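What follows is a single structure, written as structure tokens, with notes after it.
We did not get these values from a lab; they are worked out from the coordinates using the rules stated. Just so it is clear, the structure is predicted and the values come from calculations on it, not from any experiment. Cβ atoms come from the backbone with ideal geometry, glycine included; neighbour counts cover every protein chain shown.
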Amino acid sequence: MKFNPGGGSMNKMIKQAKKAQEQIAEMQAQLQEKEIEASSGGGAVTVKVNGKQEVLEIKIKEEAVDLDDIEMLEDLVLVAVNEGIRNSQEMVSNEMAKITGGLKIPGL
């Protein structure tokens, strides 16, 4: 007679973890293709960021360029980039919650 306390449930947990890991890998690949757009200065500076928090594109309208006030343009770019990254992180968190049920998994 074998004694196997919880052996079946352990195997089930391992299978569930493996399935979740596969879903997460698939989601991460899909998120790389998704783009978030953010802007500042009423659309004077616009950035696109993907789900891996990579800045893909920065657009600056001509009227935002003032050679006498470069600092303002730098600030507009900084604000737009940071907003794009924040929005991308939020999108990733929302997608991850769909897979993990809101459970925080270290490293993800």
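Given the options Ile99, Val65, Ser39, identify the residue whose Cα lies farthest towards the positive end of the charge dipole of segment 36-100 (+1 on Cβ of Lys, Arg; -1 on Cβ of Asp, Glu).
Value: Ile99.
So between Lys34 and Glu90, what do we pick up on full extension, going 0.36 nm a residue minus the alpha carbon distance?
18.9 nm
Based solely on its DSSP helices, what 222 nm [θ] is calculated for the chain when runs of n ≥ 4 H residues each add -39,500 (n - 2.57) and the sum is averaged over all residues, nearest 500 deg cm²/dmol?
One gets -19500 deg cm²/dmol as the mean residue ellipticity at 222 nm.
Among (1) 35, 31, 21; (2) 86, 20, 16; (3) 66, 46, 38, only one was calculated for this model; which label is it, if the read-out is Cα extents along the principal axes in Å?
Derived directly from the coordinates: (2).
Treating the beta-carbon of each Lys and Arg as +1 and of each Asp and Glu as -1, no other charges, what is the dipole magnitude of the chain about its Cα centre, to the nearest 20 debye?
Dipole about the Cα centre, nearest 20: 1700 debye.
Given the options Ala20, Val49, Ser9, identify the residue whose Cα lies farthest towards the positive end of the charge dipole of the chain (+1 on Cβ of Lys, Arg; -1 on Cβ of Asp, Glu).
Ser9
Once the Cβ-Cβ distance between Asn82 and Met13 is put in as r, and R0 is 35 Å, what FRET efficiency do you end up with, to the nearest 0.05?
So the FRET efficiency works out to roughly 0.35.
Pairs of Cα atoms under 8 Å, at least six residues apart: use those to get the relative contact order of segment 36-100, whole percent.
Dividing the mean separation by the residue count of segment 36-100 yields 38 percent.
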